[in-house]
Amino acid sequence: MSIKNILSSINFFSSLDDENLELLTNITTINDYKKDYLIHYEKEESNYLLFLLGGLAKAYKIDKHKNEIFLYYIYKNSLISDIEENTLHSFSNVILLEDSQILSIDYKKFKKYFLDKGILYKEFTNEIILKSQQLKSLVNREFVFNSVAKVSMMLDNDLEIFNTLKRAEISLMLHIQPETLSRVLNRFKRDAIISIKNTKVTILDKQSLKLIYEEI
């Protein structure tokens with residue numbers, strides 16, 4: 001499939017007419033990358049606006065003791081780049097968790113030909129708002145939520161990831177003890193909010209699960 005056809009199939013660019021779609025195609029490249037490829041480091045500047053077309057990525061930071069601090073996942077058809085005062089300045093490290101496809105756009109030309117003319121401005125703003133919401137969720141998870149709320153939010157938002165990771169990895173990500181994670185899951189199971197079969201979780205009562213962390 002050509003770059004133009006790929007762009008036209010993405011919701012973010014679906015409002016473009018043929019002329020602008022052709023213009024965008026000329027400043028865009030698409031590349032395939034293998035799992036564990038490091039897209040960028042924290043505080044790194046870039047000239048290219050990046051979208052994850054397919055695959056899965058993880059944003060994380062490294063603390064002063066060289067421990068990894070998980071931030072959030074980046075799913076397909078999502079913006080990878082962080083915007084800071086009209087520049088692309090990465091807030092975190094981003095690494096691919098599976099083989100992925102990334103769309104790369106020359107940001108200076110994108111800003112000149114599109115954003116400065118009000119084209120795709122609404123869509124771009126929505127992506128920035130989504131990034132802000134991710135950071136808000138991060139703040140809640142690390143500084144507001146208790147262990148029950150942390151687990152409920154991850155189950156609600158990232159069930160597929162939850163079911164692919166080992167319990168020890170999940171505990172490390174959420175900064176809770178493995179025993180605590182087990183107790184929380186057993187509580188949800190007793191309350192008929194989830195079921196667990198062969199370590200895989202299925203949500204039975206999504207509304208109740210969501211209320212656990214939303215009420216906090």
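Only the coordinates and a few stated rules stand behind these numbers; no lab work does. Here the structure is a predicted model, which is why all the values come from computation and not from measurement. So basically every Cβ, Gly included, is an ideal-geometry build from the backbone, and we count neighbours across all protein chains shown.
Quick rundown of the values:
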{"read-out": "Cα gyration tensor, segment 104-202 - rounded (a/c under 1.5), prolate or oblate", "value": "prolate"}
{"read-out": "Mean projected area (nm²) of the alpha-carbon convex hull when segment 101-159 is viewed from all directions", "value": "5.9"}
{"read-out": "Order of V94, V201 - criterion: other Cβ atoms within 10 Å of each residue's Cβ, fewest first", "value": "V201, V94"}
{"read-out": "Helix-only mean residue ellipticity at 222 nm for the chain, each DSSP H run of n ≥ 4 adding -39500 (n - 2.57), per residue, nearest 500", "value": "-12000 deg cm²/dmol"}
{"read-out": "T25, T164 arranged by Cβ crowding within 10 Å, fewest neighbours leading", "value": "T164, T25"}
{"read-out": "Cβ-based exposure ranking for S90, S8, in which fewest neighbours within 10 Å come first", "value": "S8, S90"}
{"read-out": "Distant alpha-carbon pairs in the chain (separation over 25 angstrom), percent", "value": "46"}
{"read-out": "Check: the chain dipole with +1 on Lys, Arg Cβ and -1 on Asp, Glu Cβ, in debye", "value": "780"}
{"read-out": "Extent along principal axes [Cα atoms of segment 145-214; Å; largest to smallest]", "value": "28, 26, 20"}
{"read-out": "On Cα atoms only, tilt of 121-139 relative to the major axis of the chain in degrees", "value": "30"}
{"read-out": "Exposed-loop-free span, longest in the chain, where trypsin sites (Lys or Arg not before Pro) count as exposed if DSSP calls them loop and at most 15 other C-beta atoms lie within 10 Å", "value": "77-165"}
